[in-house]
Amino acid sequence: MVMKVYGPVRAACPQRVLACLLEKGVEFEVVHVDLDSGEHKRPDFLLRHPFGQVPIIEDGDFRLFESRAIIRYIAVKYEEQGPNLLGKSLEEKAVVDQWLEVEAHNFNELVFTMVMQLVILPRMGERGDLALVDACERKLEKVFDVYEQRLSKSRYLAGDLFTLADLSHLPATRYLVNEAGMRHLIVERKSVNAWWEDISNRAAWKKVMELAS
């Protein structure tokens, strides 16, 4: 049975899931959810996701929400299919989880705030808080400095293989570089820039971008 992914293809968190499915070569069906009309807050949708967010997957009778939980599920279920996104040893898997946590708590929240103020609010006719953007940018610079140090020693965040730790960064970094106009945060750091050029040119991510265009 084909896995269903609920959410708009252009949204960052569904893109995280789609990138994982494409890396693993898993067949899927996208069920569009119209966020602009508030479809994700309607009673029938809340039966699938009590917090009214995207994405959700349905894999037969199994339902799961939260994009990072979903990509872990996909990577484990299809561990023997496609690239290993989890790490091999206990220690490698722990390092992948470590950088997934860094992405969720030290990276993504800052990028989300910046994109909200620079891109989303202006699209809605509202003025973004540029002081908040500046504060987030200063914090994000320190995060990228840590990434630069790490990536100067290994090709990817969790070691020498592309894993979920790298994949999970793709959607937010794309928004940061393109829509938010913050490419300088990447290109000013040699190792971070090389890493971004590498992961953003993977075939699976290019396919996600085609689906979103």
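The values are calculated or read from the model by the stated rules, or taken from the named source; none is laboratory data. Please read these numbers as outputs of a predicted model, since none were measured by experiment. When we count neighbours, we look across all protein chains shown, and the Cβ atoms used for this are built from the backbone with ideal geometry, even at glycine. Quick note on the areas: whole protein, heavy atoms, side chains included, nothing else; ligands and nucleic acids left out. Shrake-Rupley method; radii C 1.70, N 1.55, O 1.52, S 1.80 Å.
Of note:
- The fraction of Cα-Cα pairs per 10 angstrom bin, counted from 0 for the stretch 80-122, comes to 26, 29, 25, 17, 3 percent, rounded to whole percents.
- Each helix, a run of at least 4 DSSP H residues, gives -39500 (n - 2.57); summed and divided by the residues of the chain, these come to -14500 deg cm²/dmol at 222 nm.
- q = 0.15, 0.18, 0.22 Å⁻¹, the stretch 167-208: log10 I(q)/I(0) [Debye, one scatterer per Cα]: -0.33, -0.47, -0.70
- Relative packing of peptides 61-67, 124-130, 89-95 - highest average C-beta neighbours within 10 Å first: 61-67, 89-95, 124-130
- Accessible surface area normalised per residue over the chain is 51 Å², counting heavy atoms of protein chains with a 1.4 Å rolling probe.
- GNM result for the chain, Cα springs below 10 Å: residue of Asp160, Asp145, Asp36 fluctuating most strongly: Asp36
- A simple rule links phi to the HN-Hα coupling: the Karplus curve 6.51 cos²θ - 1.76 cosθ + 1.60 with θ = phi - 60°, which for the stretch 32-39 gives 5, 10, 7, 5, 4, 8, x, 4 Hz, with x for Gly and Pro.
- For the stretch 106-170, the Cα gyration tensor yields ellipsoid semi-axes of 29, 14, 6 Å (square root of five times each eigenvalue, largest first, whole Å).
- Of the residues Leu21, Leu132, ranked by 1.4 Å probe accessible area with the largest first, the sequence reads Leu132, Leu21.
- Legend: P(r) of the stretch 59-102 from all alpha carbon pair distances, 10 Å bins from 0, whole percents, reading 25, 53, 20, 2.
- Estimated D of the stretch 10-67 in µm² per second, where Rh is the Kirkwood radius over Cα pairs and Stokes-Einstein applies at 4 °C, 1.567 mPa s: 107 µm²/s
- Relative contact order for the chain, counting Cα pairs under 8 Å that sit 6 or more residues apart, in percent: 22 percent
- Helical segments meeting 20 Å axial Cα length and Kyte-Doolittle -1.0 threshold in the chain (DSSP H): 130-151
- Debye equation applied to the C-alpha atoms of the stretch 109-213, log10 I(q)/I(0) at 0.16, 0.20 Å⁻¹: -0.74, -1.08
- Percentage of interatomic Cα-Cα distances in the stretch 15-128 larger than 23 Å: 43 percent
- The residues packed around Leu35, meaning those with a beta-carbon under 13 Å from its beta-carbon, carry a net charge of +1 if Lys and Arg are +1 and Asp and Glu are -1.
- Compactness of the chain as Cα Rg over 2.2 N^0.38 Å, two decimals: 1.02
- In order along the stretch 152-163, the phi-based Karplus estimate (6.51 cos²θ - 1.76 cosθ + 1.60, θ = phi - 60°) of 3J(HN,Hα) comes to 6, 10, 9, 5, 10, 5, 9, x, 8, 10, 5, 9 Hz; Gly and Pro are listed as x.
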